[in-house]
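Working notes for the structure below.
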């Protein structure tokens, strides 16, 4: 069991440090209170050296699905009247994600000390981002925490579904492309040299195409091929460094939006995410400027973030969101028109949700269309790869037949 170090005061008001061994922070705090001590500060004794378990926990990611499941379960407990501390304790015990489990235990301890739930969650940005914390804070302020948690669960479930659709569209070309590349390299490195040696023994001059493929094979089998192995991570590192700059991010994200096939999918995905998140925040009572700041930071594309930031500045000067978004020419015109109608009628949250529903359906259709387009493209690429190998091997045979004739 872990050991905890506490700064406490006894009944006479004397301050001192105490060590206690317990299953969790809550159990440690209870044990100290049973001794008549007032706990001022309590934390786990980390000791010295490498904590392997903590290192493994830090490497784990909290997925959207993990947060969605937690939100749905927590909403049920809050709605049933279960005390918040007890509810957090129950959910932390059954949580399978170690990082989220540790965060929930600490949040439960903080709430037990009198900290607001949103403030306690804000200490764990790797588990609960600004969007999540802001909605929880709005739910606490309005006394509708269970409703907000249900909205959060729905929002996160929609985000997870959207991510899964995009991943499914990318899985097929990536897997097939990787297998095709491996087969091509294997045939180029091992098969072509065998046939080339046979033709040279016969005394046949190799055609230009066969000779070119043989040169590629010799390069891949030589120590010079290490250059490619070294060059790939260098290019990836340079790209990441460039993308980490504001100019690089804007340039690449603008290019992604204009890519054939994928650009339209990226635009529709960004529109659906913007409308869904913005609508959920405004419906939960978060101030509109705060909503736009949160949505800007979670957009996932710098060009889209710039457009949202411009909309935020437009509102600060008394303008309208739809006009600012139209200036940037990032979102589809239909989405902007529907947002404009929502602003005029005063029901922008309902209109945003309708736009989100529409574009999520559009993304689903775009994913299906992209998958159907990618299949013949990948078949064509594989055919070219395999065909080039066969052509390189059969061209010398034609010369042999000519000599025999």
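The figures follow:
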| read-out | value |
| --- | --- |
| All positions within the range 8-26 that are in contact with a strand residue (DSSP E or B) (Cβ under 9 Å, 6 or more places away or on another chain) and in a helix (DSSP H, G or I) | 25 |
| Answer from 282, 271 - the residue that is in contact with a helix residue (DSSP H, G or I) (Cβ under 7 Å, 6 or more places away or on another chain) and within 27 Å of residue 368 (Cβ to Cβ) | 271 |
| Failed condition for residue 259, given (1) over 25 Å from residue 394 (Cβ atoms); (2) assigned to a helix (DSSP H, G or I); (3) modelled with pLDDT of 85 or more | (2) |
| Cross-chain or 6+ apart pairs with Cβ under 8 Å, the range 270-284 first and under 13 Å from residue 147 (Cα atoms) and not assigned by TED's automatic domain parsing to the domain that holds residue 163, then surrounded by 24 or more Cβ atoms within 10 Å (Cβ to Cβ) and modelled with pLDDT of 85 or more | none |
| Helices (runs of 4 or more DSSP H) lying entirely in the range 303-405 (those with 1 or more residues that are surrounded by fewer than 13 Cβ atoms within 10 Å (Cβ to Cβ) and over 30 Å from the mean Cα position of the chain (by Cα)) | 333-345, 348-404 |
| Single condition residue 281 does not satisfy, out of (1) surrounded by fewer than 20 Cβ atoms within 10 Å (Cβ to Cβ); (2) assigned to a helix (DSSP H, G or I) | (1) |
| Output for the range 225-257, where each listed residue is within 29 Å of residue 371 (Cβ to Cβ) and either surrounded by fewer than 12 Cβ atoms within 10 Å (Cβ to Cβ) or in contact with a strand residue (DSSP E or B) (Cβ under 9 Å, 6 or more places away or on another chain) (or both) | 232, 235, 236, 240, 255 |
| Qualifying residue in the range 211-234 (condition: in contact (Cβ under 8 Å) with a residue 60 or more places away in the chain and either in contact with a helix residue (DSSP H, G or I) (Cβ under 7 Å, 6 or more places away or on another chain) or not assigned by TED's automatic domain parsing to the domain that holds residue 298 (or both)) | yes |
| Meets criteria (within 27 Å of residue 269 (Cα to Cα) and either in contact with a helix residue (DSSP H, G or I) (Cβ under 7 Å, 6 or more places away or on another chain) or at pLDDT below 85 (or both)) for residue 402 | no |
| Positions within the range 294-306 being at pLDDT below 85 and farther than 18 Å from residue 156 by Cα, in sequence order | 301 |
| Residue in the range 266-277 that is assigned to a helix (DSSP H, G or I) and over 21 Å from residue 367 (Cβ atoms) present | no |
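The values are calculated or read from the model by the stated rules, or taken from the named source; none is laboratory data. Just so we're clear, the structure is a prediction, and the values are computed from it rather than from any experiment. Note that each Cβ is placed from the backbone with ideal geometry, even for glycine, and that neighbours are counted across all protein chains shown.
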